[in-house]
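Report on the structure given below.
Any read-out appearing in this document is the output of simple, stated calculations on the displayed coordinates, not a laboratory observation. Computed from a prediction, not measured in an experiment: that's the story for all the values here. All Cβ positions, glycine included, derive from the backbone under ideal geometry; neighbour counts span all protein chains shown.
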Amino acid sequence: MVVSDGKGTAGRPLLVLDKVRAILDAFTPERPALTLGDLRRATGIPTSTLQRLAANMVEDGFLDRSDDVLRVGVRMLHWSAPALQGIGIVDLAQPILRSLRDETGETACLFRESSGMRVCIAVAESLHPLRRSMSPGETMPISAGSAGRVLLAWNAELADHTLSGELSSFTPSSVVDPADLREHVERARTDGFAVTVGERELGISSVSAPVFGARGELVGALGVLAPTLRLPESATGSAVAAVVAAADALTRLLGGRRTV
């Protein structure tokens, strides 16, 4: 795509960049595929100009076309990779955790596995006076809680190792039978999320979903922790939707893809 220096030497002023940005901004995770008509309504760009720009953007890899449907070009993933270099997962996760905290009202955390444990690496604490406080670096058993379920569900070797040993009981709700826990882990993988109530601590519920990297590998478990009186098992539906959406958003930022 040829763009001038603003003086008209290429016949296409820098104003074209505003239009290109508007076209790309029209695509969202909820609407990843758009027609020219959709783009015209979203951007207000005249049809003839939009057709010319779209053709150029397809030619240069900004967009991909299939029949009459346009998507953001796969080549954009290649261009976005350098932007992520030097930016850690915590930096990328923090705004998403804050948004999840604000949406649910509960403490939002990101966990990773380390030496057979689950470790909190990022957190946005609930603003409620009554909350389950969590700090970066806090380490917890991987066999209890929804984040542990997720970390085990996408790591067969870790699951086999964890389930081959004795499982600790932390509350009356803790799962201590390896066969039972394996069923819960397999269900988490099938569902794409996990929900636990009072399993690690009495009176605390949690919901977690997986975050994946560019090669489809599991990089963490993102979720919320809340007092069970605010998040009983019968009312976890909205929290599940919010957590899965947040985990998917972080996956996209990492250039990743969800795996089954």
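Tell me, yes or no, whether segment 109-125 has at least one residue that is assigned to a loop (DSSP other than H, G, I, E, B), surrounded by 20 or more Cβ atoms within 10 Å (Cβ to Cβ) and touching a residue at least 12 places away in the same chain (Cβ under 8 Å).
Checked segment 109-125: no residue is assigned to a loop (DSSP other than H, G, I, E, B), surrounded by 20 or more Cβ atoms within 10 Å (Cβ to Cβ) and touching a residue at least 12 places away in the same chain (Cβ under 8 Å).
Looking only at segment 126-135, how many residues end up being in contact (Cβ under 8 Å) with a residue 40 or more places away in the chain and either closer than 19 Å to VAL219 by Cα or surrounded by fewer than 17 Cβ atoms within 10 Å (Cβ to Cβ) (or both)?
Total meeting the criteria: 2.
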